[in-house]
DNA sequence: GTCGTGACTTACGTTAACGTCAAGCTTTCT
DNA sequence: AGAAAGCTTGACGTTAACGTAAGTCACGAC
């Protein structure tokens, strides 16, 4: 059940992803499960990585960004410097997200005021206008 | 200069877009400039449409959505019903944008708290951690 | 032994909004 | 006339993250 090794199907149910997704992540070198013959077997480490990947996606990290972050930890364990780099990356992403939210808020305000003005959005069509 | 008719180059400078963009919009039936021989000539109506398209993009409308909205006005002018439909579409988009902003805010909060906890984001890697 | 099931690999398809050549026609400068 | 400029029409390329289909393999059940 919750053995150390899980099949692809168990992984899919546990994380709510498709087999294609897991194979895709593997092709992109984000995960590298064991093999029993031709079949994939996912370890606890794989599950940890997948968890991080999915969390990263919620934060808007691209898979390639996640791969780079994850790889920092393959090269000899998590030392201070690597942790630091991860934190820096996270902070940058946070700033990006905040900028994105601010822009979105501006657009929202603008659109809302257009609507309040009775959709003057369409003024350009009325030959009478301006 | 600011004649009723403008060349593609003048349009590009006026609206800060590339020729490719204008031809692309034309291929997608968002604009339909006149022709003088083989050359395109943009009318005041074209400028009005382009202005709306670009504004729509800022609001996150897809080009296809904008095309549909614009076409409402080609079919016999802007009557009450058409205006109504446009307003409905705009309201829906506004709601979408607000949802999107809310989700973004949640992600921001989550990421920020991760950072405040000293990047426990990486806990999954430490064999020591649960 | 063969049937069904699940896993596997390979590879093309999808979506949006253009970018980037390539090659030809016209007008314009010299 | 010849060349440079600017416009035109194809038509393929790009990016991300998978979806989807086609064909193969292996294994337990019968």
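Read the figures in this text as sums done on the coordinates, not as results from a lab. The shown structure was predicted, so the numbers you read here are calculated from the model rather than taken from an experiment. Virtual Cβ from ideal backbone geometry, glycine too; neighbours counted across all protein chains shown.
According to the square roots a ≥ b ≥ c of the eigenvalues of the Cα gyration tensor, what is the shape class of the range B:1-59, taking rounded for a/c under 1.5, prolate for a/b larger than b/c otherwise, and oblate for the remainder? Judged from the Cα gyration tensor, the range B:1-59 comes out prolate (a/c at least 1.5, a/b above b/c). Note on residue A:4 and residue B:29: the model spin-label points, each 7 Å out from Cα along the C-beta direction, lie 6.2 nm apart. Note on B:60-67: average number of Cβ atoms from other chains within 10 Å of each residue's Cβ is 1.
Shape verdict for the range B:1-116, please, from the Cα gyration tensor: rounded (a/c under 1.5), prolate (a/b greater than b/c) or oblate. Since a/c reaches 1.5 but b/c is at least a/b, the shape of the range B:1-116 is classed as oblate. Computed from the Cβ-Cβ distance with R0 of 25 Å, the FRET efficiency linking residue B:38 to residue B:65 stands at 0.20. Highest-first packing order for the peptide set B:45-56, B:94-105 is B:45-56, B:94-105, based on the mean count of other beta carbon atoms within 10 Å.
For the range A:78-119, the Kirkwood estimate of the hydrodynamic radius, built from every pair of different alpha carbons, is 12.6 Å. Each other copy places its own label point for residue B:5 at 7.7 nm from this one, sorted shortest first, where the point lies 7 Å along the Cα-to-beta carbon line. Taken residue by residue and averaged, Cβ atoms of other chains lying within 10 Å of the Cβ of B:50-59 number 3.
Here residue A:89 yields copy-to-copy label distances, from shortest upward, of 4.1 nm, the label point defined as 7 Å from Cα along Cα to C-beta. One decimal place: the segment residue B:13-residue B:80 gains 20.6 nm when fully extended, by the rule 0.36 nm per residue minus the C-alpha distance. Closest approach of a chain A beta carbon to the axis mapping chain A onto chain B (residue, whole Å): A:101, 3.
Take each residue of peptide A:96-105, count the partner chain Cβ atoms within 10 Å of its Cβ, and average: the result is 4.
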